[in-house]
Structures are given as C-alpha cells and as structure tokens.
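Asker: Encoded as structure tokens, here's the structure I'll be asking about.
Taken together, the values in this text are just the output of simple stated rules run on the coordinates, not laboratory data. Being a predicted model, the structure only gives us computed values, none of them experimental. Neighbour counts are summed over all protein chains in view; Cβ atoms, including those assigned to glycine, are modelled from backbone coordinates with ideal geometry.
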Amino acid sequence: MEAYTILKHPLSTEKAIRMMEAENKLVFMVERKATKILLLKAFEQMFKIKPIKVNTLITPKGKKKAIFRLPLDQPAIDIATQLGIM
C-alpha cells in the first residue's frame with residue numbers, strides 16, 4: 001500500500017490540537033485495514049520522522065483513527081504547520 005492511501009487525513013479537532021501542543025502527538029484518520037506496523041512505515045515515509053509509538057482506535061462510526069507520538073526533538077506543531085493545520 002502507498003503511504004497516501006494508508007494515512008487519509010489529519011484531524012484538527014480541539015482535542016487533537018490540544019494533544020499536539022501538550023503531548024507532541026498527531027492524530028490521523030487512517031485506512032481501516034492498516035496495521036500498526038504499516039502505519040508507522042507510512043508515517044515515516046511521508047514525514048521522514050520515526051514515531052515513538054502509535055495507538056489506534058475504531059470510532060463509533062466505524063472509521064479508524066491513529067495517534068502518533070513523536071520524539072521530543074521533532075515538534076508535532078512543525079508537521080501540523082507543514083500540513084496546513086496550524
């Protein structure tokens with residue numbers, strides 16, 4: 001799978017922005033069938049940053065959400081600015 005088909009789009013909700021600022025995490029809506037390993041590889045391929053950890057959850061609407069925790073030397077706000085969220 002290609003990275004752009006796995007990571008669909010970033011979330012810019014109030015909670016996602018708070019996580020970005022306080023915990024250095026980014027939230028993306030992702031392909032439902034993607035595994036955590038595929039998600040880590042896709043993120044690394046797109047942004048050239050290796051995330052520390054990824055957590056996933058299925059929303060009540062049946063969509064999959066991934067929360068990427070980034071290293072402290074790579075601020076999540078920089079990537080959000082690059083994506084046009086901030």
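Asker: Specify which residue in the list Ala80, Thr13, Met29 is farthest towards the positive end of the charge dipole of segment 3-83, using unit charges on the beta carbon of Lys, Arg (+1) and Asp, Glu (-1), about the Cα centre.
Answerer: Result: Met29.
Asker: Among all the lysines, which ones have a C-alpha under 22 Å from Lys63's C-alpha, if same-chain residues fewer than 8 places away are not counted?
Answerer: Answer for Lys63, where 22 Å is the Cα cut-off: Lys8, Lys15, Lys25, Lys33, Lys36, Lys41, Lys53, listed by chain and number.
Asker: What stretch of the chain, leaving out the sites themselves, is the longest with no trypsin sites (Lys or Arg not before Pro) in a DSSP loop having at most 11 other Cβ atoms within 10 Å?
Answerer: Longest run free of exposed loop sites: 1-31.
Asker: A further question on this structure: Treating the beta-carbon of each Lys and Arg as +1 and of each Asp and Glu as -1, no other charges, what is the dipole magnitude of the chain about its Cα centre, to the nearest 20 debye?
Answerer: Roughly 480 debye for the chain.
Asker: Let me have the relative contact order for segment 3-83, percent, based on Cα pairs under 8 Å that are six or more residues apart.
Answerer: Result for segment 3-83 is 33 percent.
Asker: Another question about this same structure. Write down the percent of antiparallel bridges among all DSSP beta bridges whose residues are both part of the chain, to the nearest 5.
Answerer: If I count the DSSP bridges inside the chain, around 100 percent turn out antiparallel.
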